[in-house]
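Since the structure comes first, as structure tokens, the remarks are kept for the end.
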Amino acid sequence: MSMSVKEDWAWEDKFGDYSMVPVPVHERRSLLSIFYVYTGVLACIAVLWGGGALGLQFTLKEVVAVAIVGSAILAVIGGLTSAIGGISKCSTYVNMRYPFGRIGSQLFGTIIAGIACGIGWFAVQTWLFGIIINSLFPNVWWAEVGVAAIWGGLLMMTTAIIGFKGLAWLSYLAVPFFMILAGVGVMIGIANAEGFAGLTGIKPPTPASFNVGVTQVVGMYIAGGVITADISRYTKKVLDGPISWIVQIIIFQVYMLTGAAALTLATGATNVAQALLVGGAGLGAILMAIFGQWTTNDNNLYNGALSFSTWIPIKKKYITIVEGLIGVVIAAWIGFYAGASMQPFMDFLTFLGKILPAIGGVLVADFYLYRWYKKEPLRQRYHLKPGMKIAQVNWVGWVSVVLSTIIGGWVIKSGIAALNVMVLGAVFYIVIAIVCDGLGVKIDIGEHIIDKTGV
């Protein structure tokens with residue numbers, strides 16, 4: 001690293017991982033490195049569970065169509081937010097200060113990472129862990145779905161707090177493993193259905209509408225789509241992030257969803273864990289799936305605690321304990337109430353697909369449309385500097401998220417809910433902001449000055 005790089009970087013990374021400040025030049029990574037990180041985040045057991053859930057609702061041809069459309073929506077929103085990170089070199093939390101204000105970035109960052117991931121996804125994946133254990137040991141009390149969710153969740157929480165390098169090492173194997181497992185799913189499906197024609201002709205047990213399926217696909221990964229800047233800020237070139245994101249979403253997500261759906265369709269199992277056992281994938285595959293799920297859930301807790309720590313002044317490990325315990329209680333409740341039924345999982349994906357796209361829509365509208373309207377050069381947008389002033393609250397961003405979520409997610413009954421919410425969020429924001437400009441109404445409330453730590 002040259003001295004000039006040191007001198008040009010006028011920040012102090014007080015919180016680590018450049019979470020509050022721009023990533024310096026010497027820390028930036030290649031396109032291949034960024035692509036592998038994105039794919040590693042995608043390659044988790046939740047995607048296979050999601051594909052398995054689609055197999056309960058759609059034929060294989062319908063699954064492919066639903067997966068392509070849902071992934072295309074994710075590709076657009078994730079590609080656009082990824083480019084924002086490539087330009088600003090800042091985290092999603094910092095970028096959200098512009099359309100939502102400092103307080104708004106804390107609130108909506110907490111909704112995405114803290115509640116949706118740290119508590120929501122942790123609870124759901126802990127419950128799914130309980131289902132896997134119950135599939136392996138169906139006739140013992142400690143393997144009941146709710147009971148297994150309790151002890152499994154507590155163990156996951158413990159490893160998230162103290163760290164476990166052995167589990168972290170297994171995450172490096174997750175990408176090729178889950179890719180292979182999806183391919184195995186297709187082969188098992190073809191074998192069980194006595195040919196590809198037989199597989200495509202299988203009817204799902206609980207049919208659902210195309211729009212519902214697309215919203216579930218979007219909900220499965222929309223949190224990741226909104227926070228792509230957390231990874232793309234490390235890119236050397238602006239387009240490296242969008243290219244990496246779009247390729248892994250369009251190709252690998254569709255592939256993995258299709259493989260898991262083929263497995264559940266052909267075996268007639270009610271979930272992926274049972275389908276793997278019935279299909280003869282072997283105990284090793286099940287155990288590897290458990291470890292892959294474990295590392296993903298540890299990351300859910302870590303990211304959630306990181307989000308909460310931006311406004312709660314206590315150590316992250318204590319936040320991890322609290323959010324972990326809340327997640328375990330929720331997982332146990334689902335396990336005792338619903339058992340191995342996939343309905344709560346499908347409902348959760350639909351819910352995320354209705355509430356999170358609005359945040360991404362507003363972020364994209366502010367960066368690409370409103371800043372263009374204000375004649376800000378593209379490369380200078382979201383350019384964080386020590387001493388600059390930002391709003392405490394951008395009320396237009398708040399109002400746009402609330403209106404688009406309610407109207408697009410629940411009032412409008414036609415179309416794809418996730419797409420409706422995202423588009424409405426962008427439209428509400430740009431229209432209200434421009435009208436306010438024309439009327440001389442301020443969209444910012446309060447003022448905050450950024451110091452050299454990014455706070």
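Structure notes:
- Verdict on residue 319 being buried (at least 17 other Cβ atoms within 10 Å of the Cβ), out of contact with any Leu (no Cβ under 6 Å at 6 or more places or on another chain) and modelled with pLDDT of 90 or more: no
- Matching residues in the stretch 260-275 - criterion: being of a type outside the set (S, T, N, Q) and in contact with a helix residue (DSSP H, G or I) (Cβ under 6 Å, 6 or more places away or on another chain): 260, 261, 262, 263, 265, 266, 269, 272, 273, 275
- Every residue from the stretch 388-413 that is small (Gly, Ala, Ser) and under 22 Å from residue 220 (Cβ atoms): 404, 408, 409
- The residues of the stretch 432-445 that are in a helix (DSSP H, G or I) and surrounded by 14 or more Cβ atoms within 10 Å (Cβ to Cβ), listed by number, are 432, 433, 434, 436, 437.
- Any hit, the stretch 2-10, residues being in contact with a Gly (Cβ under 9 Å, 6 or more places away or on another chain) and either aliphatic (A, V, I, L, M) or at pLDDT 80 or above (or both): no
- Test: residue in the stretch 196-203 that is under 27 Å from residue 122 (Cα atoms), in contact (Cβ under 8 Å) with a residue 12 or more places away in the chain, in contact with a helix residue (DSSP H, G or I) (Cβ under 9 Å, 6 or more places away or on another chain) and not in a helix (DSSP H, G or I): no
- Conditions (1) over 30 Å from residue 132 (Cβ atoms); (2) within 26 Å of the chain's Cα centre (by Cα); (3) without any contact (Cβ under 8 Å) to a residue 12 or more places away in the chain: number failed by residue 347: (1)
- Scanning the stretch 412-449 for residues that are of a type in the set (Val, Ile, Thr), touching a residue at least 60 places away in the same chain (Cβ under 8 Å) and in contact with a helix residue (DSSP H, G or I) (Cβ under 9 Å, 6 or more places away or on another chain) returns 416, 421, 423, 427, 430, 434, 445.
- Residue check, residue 361 part of a helix (DSSP H, G or I) and at pLDDT below 95: no
- Unique match (being β-branched (Val, Ile, Thr), at pLDDT below 85 and over 21 Å from residue 233 (Cβ atoms)) among 73, 45: 45
- Screening residue 178 with (1) crowded, with 18+ Cβ neighbours inside 10 Å; (2) at pLDDT 90 or above gives one miss only, at (2).
- Index of the failed condition, residue 12 passing every other in (1) outside any loop (DSSP other than H, G, I, E, B); (2) farther than 30 Å from residue 215 by Cβ: (1)
- 1 or more residues more than 25 Å from residue 211 (Cα to Cα) and among the small types (Gly, Ala, Ser): qualifying helices (runs of 4 or more DSSP H) within the stretch 38-135: 60-88, 97-109
- Residue in the stretch 388-400 that is within 24 Å of residue 70 (Cβ to Cβ), under 22 Å from the mean Cα position of the chain (by Cα), modelled with pLDDT of 95 or more and in a helix (DSSP H, G or I) present: yes
- The sole residue among 301, 276, 349, 265 that is in contact with a Pro (Cβ under 8 Å, 6 or more places away or on another chain) and surrounded by 24 or more Cβ atoms within 10 Å (Cβ to Cβ) is 265.
- Among residues of the stretch 126-173 being small (Gly, Ala, Ser) and at pLDDT below 90, the one that is farthest from residue 45 (Cα to Cα) is 163.
- Qualifying position, being in contact with a Leu (Cβ under 6 Å, 6 or more places away or on another chain) and either assigned to a helix (DSSP H, G or I) or farther than 15 Å from residue 100 by Cα (or both), among 428, 367, 351: 428
- For the stretch 136-161, a residue qualifies if it is in contact (Cβ under 8 Å) with a residue 24 or more places away in the chain and outside any helix (DSSP H, G or I), and exactly one does: 144.
For (1) buried (at least 24 other Cβ atoms within 10 Å of the Cβ); (2) within 15 Å of residue 77 (Cα to Cα); (3) modelled with pLDDT of 95 or more, each residue gets a yes or a no:
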site	(1), (2), (3)
210	no, no, yes
219	yes, yes, no
223	no, yes, no
230	yes, yes, no
240	no, no, yes
243	no, yes, yes
252	no, no, no
256	yes, no, no
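- Among residues of the stretch 298-327 being over 18 Å from the mean Cα position of the chain (by Cα) and polar (S, T, N, Q), the one that is nearest to residue 104 (Cα to Cα) is 310.
The values are calculated or read from the model by the stated rules, or taken from the named source; none is laboratory data. Please read all numbers here as calculations on a predicted model, not as lab measurements. Every residue, glycine among them, receives a Cβ derived from its backbone with ideal geometry; neighbour counts consider all protein chains shown.
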